[in-house]
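The values are calculated or read from the model by the stated rules, or taken from the named source; none is laboratory data. The shown structure was predicted, so the numbers you read here are calculated from the model rather than taken from an experiment. Quick reminder, even Gly has a Cβ in these numbers, built from the backbone with ideal geometry, and neighbours come from all protein chains shown. Keep in mind that these areas ignore ligands, DNA and RNA; they rest on the heavy atoms of the full protein, side chains included. Shrake-Rupley method; radii C 1.70, N 1.55, O 1.52, S 1.80 Å.
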Amino acid sequence: MQLDQVDIDAIYRVSTVNAPKGAPQIKGQLEDIGFLPGEQVTLLRKGLLKKGPYLVRVGTSTFALRHTEARLIEVELVPHV
């Protein structure tokens, strides 16, 4: 599933970051700030009408992402242990 579709406060793991058509550098920018395969990510808040901006914690850092950026990040739910 994509990061814009996840539940708030649940813990997910980044599976992959996709490059948008016409702007492959965005994938690199998201990876540079920590959205790497295997990193834990949590959606903290969704913006107006749940279309962004999204407040997201990845690792120990917190970022605001646009809806279009959140859609590029594929995640999987981390099972409760």
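What about residue 68, is it open to solvent by 80 Å² or more (accessible area, probe 1.4 Å), polar (S, T, N, Q), on the phi < 0 side of the Ramachandran plot and not in a loop (DSSP other than H, G, I, E, B)?
Working: open to solvent by 80 Å² or more (accessible area, probe 1.4 Å): yes; polar (S, T, N, Q): yes; on the phi < 0 side of the Ramachandran plot: yes; not in a loop (DSSP other than H, G, I, E, B): yes.
Here the answer is yes, as residue 68 does meet what is asked.
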(message) Among the residues in the range 30-41, are any part of a strand (DSSP E or B) and touching a residue at least 12 places away in the same chain (Cβ under 8 Å)?
(response) yes
Apart from one, (1) at pLDDT below 95; (2) open to solvent by 50 Å² or more (accessible area, probe 1.4 Å); (3) closer than 15 Å to residue 1 by Cα all hold for residue 49; the odd one out is (3)
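Give me the residue from the range 72-81 that is under 18 Å from residue 10 (Cβ atoms) and in contact (Cβ under 8 Å) with a residue 12 or more places away in the chain and, out of that set, most open to solvent (accessible area, probe 1.4 Å). Steps first, please.
Initial filter on the range 72-81 (under 18 Å from residue 10 (Cβ atoms)): 73-81.
Narrowing the set further to residues that are in contact (Cβ under 8 Å) with a residue 12 or more places away in the chain leaves 73-78.
Details: 73: 0, 74: 50, 75: 7, 76: 85, 77: 103, 78: 28 Å².
The selected residue is 77.
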Taking the range 52-65 and the residues there that are of a type in the set (Val, Ile, Thr) and open to solvent by 50 Å² or more (accessible area, probe 1.4 Å), the one that is modelled with the highest pLDDT would be 62
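Would you confirm whether or not the range 34-46 contains a residue that is farther than 17 Å from residue 7 by Cβ, out of contact with any strand residue (DSSP E or B) (no Cβ under 7 Å at 6 or more places or on another chain), surrounded by fewer than 16 Cβ atoms within 10 Å (Cβ to Cβ) and not hydroxyl-bearing (Ser, Thr, Tyr)?
Within the range 34-46, the first condition is being farther than 17 Å from residue 7 by Cβ, and the residues that meet it are 34-39.
From what's left, out of contact with any strand residue (DSSP E or B) (no Cβ under 7 Å at 6 or more places or on another chain): none.
The answer is no, given that none of the residues of the range 34-46 is farther than 17 Å from residue 7 by Cβ, out of contact with any strand residue (DSSP E or B) (no Cβ under 7 Å at 6 or more places or on another chain), surrounded by fewer than 16 Cβ atoms within 10 Å (Cβ to Cβ) and not hydroxyl-bearing (Ser, Thr, Tyr).
On the given criteria, is residue 8 surrounded by fewer than 16 Cβ atoms within 10 Å (Cβ to Cβ), among the aliphatic types (A, V, I, L, M) and in contact with a strand residue (DSSP E or B) (Cβ under 6 Å, 6 or more places away or on another chain)?
Working: surrounded by fewer than 16 Cβ atoms within 10 Å (Cβ to Cβ): yes; among the aliphatic types (A, V, I, L, M): yes; in contact with a strand residue (DSSP E or B) (Cβ under 6 Å, 6 or more places away or on another chain): yes.
Spelling it out, residue 8 is indeed surrounded by fewer than 16 Cβ atoms within 10 Å (Cβ to Cβ), among the aliphatic types (A, V, I, L, M) and in contact with a strand residue (DSSP E or B) (Cβ under 6 Å, 6 or more places away or on another chain).
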By residue number, the members of the range 1-33 that are under 18 Å from residue 45 (Cβ atoms) and small (Gly, Ala, Ser) are 10
(1) β-branched (Val, Ile, Thr); (2) in contact with a helix residue (DSSP H, G or I) (Cβ under 6 Å, 6 or more places away or on another chain); (3) more than 17 Å from residue 17 (Cα to Cα) all hold for residue 60 apart from (2)
